[in-house]
Amino acid sequence: MKRQEFINQLMERANGTPCERGEAFAPANIALCKYWGKRNAELNLPVNSSLSISLGSLGTRTVVRYAECADGVFLNGEAAPRAFSARVSAYLDLFRRGRQFFEVRTENTIPTAAGLASSASGFAALVKALDELLGWGFSLCELSMLARVGSGSASRSLFDGFAVWHMGQRADGMDSFAEGFSEDWKELRVGILEVSNAWKKVGSTEGMNRTRETSELFEAWPAQAQCDYDELRTAIAAKDFPMFGKTAENNAMAMHATMMAAWPPLCYWLPQTVSLMQEVWCAREGGLDLYFTMDAGPNLKLLFLEESRAAVKALFPMVQVVEPFA
Ligand code: DP6
């Protein structure tokens, strides 16, 4: 099935009232069980279910209006880079009626494309804003499928707190959507350690396709991810922090190991990434309950509880601490 057919099928359910503008915010999300590898690249259908935590007020705010004769895409107050605008316009093509154009103004409170999941919050905010402008009146489940087509991880950015993205089984992708779940964890903290906010050379889409096609280790990935997904759900329900942290860190390391075994090799780490990882391991050996996860970029996201905040701050003075359930 083509992307456009999928969208047309969903659009048959639209029944809201259009507005003159649409505005929305969506949080960034950090995957604790990663999405890496697609069973269908056209519809962004994954080989495994994934689980994430949203970053509260860190994310993307987007305003959409109609434009006269061409799309205008603005990022943080300036004309967006060409690749960024092209990706947004190609997505808007899916929804245009005739010669219809849009102005999209988007502000990020996180560095763009540094592995801090800004394409996730970006597509989620865009879809919510379009829902208001074009009057679709969609549910969060339907919006998450639309966001998924823009970028897989965006399906999870429609939700605060923990979210799961069900991989689904259907070929048409109608059962591959995300939802929030009710458990919260007030004491949980995510610490962002920014190593670089430079644009990455190999984006996630290309990275995961290359991994799936060339990495011998990829065969083992879906089973590990399924296991990690189940363990994370158990750890969250039991508020078992060591199990939670260990499973998230192990999942991230397994994803990176799988991509390093691709050809040409994919390594998103910088030398400083590795030294930070070693500092975390050393602190843990010294008794600190501290773990990390990493996406397709060089930055670390620390996982810890409020009781360890002072110790984490002392070790990493530059850490930006997020309270996902504040
Ligand atoms: C490592 O959602 O950016 O952050 O669907 O091709 O746009 P596309 O990929 P994308 O990949 C995110 C990969 C990840 C893991 C995750 O967020 O689950």
Which of the residues belonging to region 137-170 are more than 20 Å from Glu183 (Cβ to Cβ) and either among the β-branched types (Val, Ile, Thr) or assigned to a loop (DSSP other than H, G, I, E, B) (or both)?
Gly137, Phe138, Ser139, Val149, Ser151, Met167, Gly168, Gln169, Arg170
Does at least one position in region 259-268 carry a residue that is hydroxyl-bearing (Ser, Thr, Tyr), free of Cβ contacts under 8 Å to residues at least 12 places away in the same chain and not assigned by TED's automatic domain parsing to the domain that holds Gly168?
no
Which one of these is of a type in the set (S, T, N, Q) and away from the ligand (no atom under 14 Å from the Cβ): Ser144, Ser176, Ser155, Ser215?
Ser215
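Restricting the search to region 11-46, which residues are in a loop (DSSP other than H, G, I, E, B) and within 12 Å of the ligand (Cβ to nearest atom)? Don't jump to the end; show me each part of the working.
Initial filter on region 11-46 (in a loop (DSSP other than H, G, I, E, B)): 12-20, 34-37, 41-44.
Lys34, Tyr35, Trp36, Gly37, Ala41, Glu42, Leu43, Asn44 - these are the residues of region 11-46 that are in a loop (DSSP other than H, G, I, E, B) and within 12 Å of the ligand (Cβ to nearest atom).
Given the criteria surrounded by 13 or more Cβ atoms within 10 Å (Cβ to Cβ), within 23 Å of the chain's Cα centre (by Cα) and either of a type in the set (Val, Ile, Thr) or not in a helix (DSSP H, G or I) (or both), does Ala252 qualify? Working first, answer last.
Values: surrounded by 13 or more Cβ atoms within 10 Å (Cβ to Cβ): yes; within 23 Å of the chain's Cα centre (by Cα): yes; either of a type in the set (Val, Ile, Thr) or not in a helix (DSSP H, G or I) (or both): no.
Answer is no for this residue.
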Just to be sure before I move on: is Glu194 more than 20 Å from Met260 (Cα to Cα), under 20 Å from the mean Cα position of the chain (by Cα) and in the same structural domain as Glu307 (by TED's automatic domain parsing) in the structure I sent?
yes
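The values are calculated or read from the model by the stated rules, or taken from the named source; none is laboratory data. Note that the structure is a prediction, hence the values are computed from the model and not measured. Neighbour counts are summed over all protein chains in view; Cβ atoms, including those assigned to glycine, are modelled from backbone coordinates with ideal geometry.
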